[in-house]
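Some notes on the structure that comes next.
Here, each number is a calculation from the coordinates, and none is a lab measurement. Everything numeric in this text was worked out from a predicted model, so none of it was measured. Virtual Cβ from ideal backbone geometry, glycine too; neighbours counted across all protein chains shown.
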Amino acid sequence: MDDKPARRIAHARAEEILDFFGKCRACGYPAYAESTTLRYDNGDLETKIIASCALPCGWTGEVSATPMTGAAARPRT
Ligand SMILES: [Zn+2]
């Protein structure tokens, strides 16, 4: 997996996700999340959702991009 062609990040943008309701996987405390959009100089576009614990336990991790707001059960109008 280390033989990817070299590519450089041309642009990065981070945005806080206000409707993120995930929890810290280490201590269970509510976490906050940032959506980071990375654009590479070869045209690739990647969006990562990085969650971080709101307590200083140090946990941070990539999470699913699906908002955990029960949107599947309640279609928005
Ligand atoms: Zn934590």
Treating the beta-carbon of each Lys and Arg as +1 and of each Asp and Glu as -1, no other charges, what is the dipole magnitude of the range 1-45 about its Cα centre, to the nearest 20 debye? 80 debye
Dividing the Cα radius of gyration by the Kirkwood radius, what Rg/Rh value follows for the range 9-62? 1.09
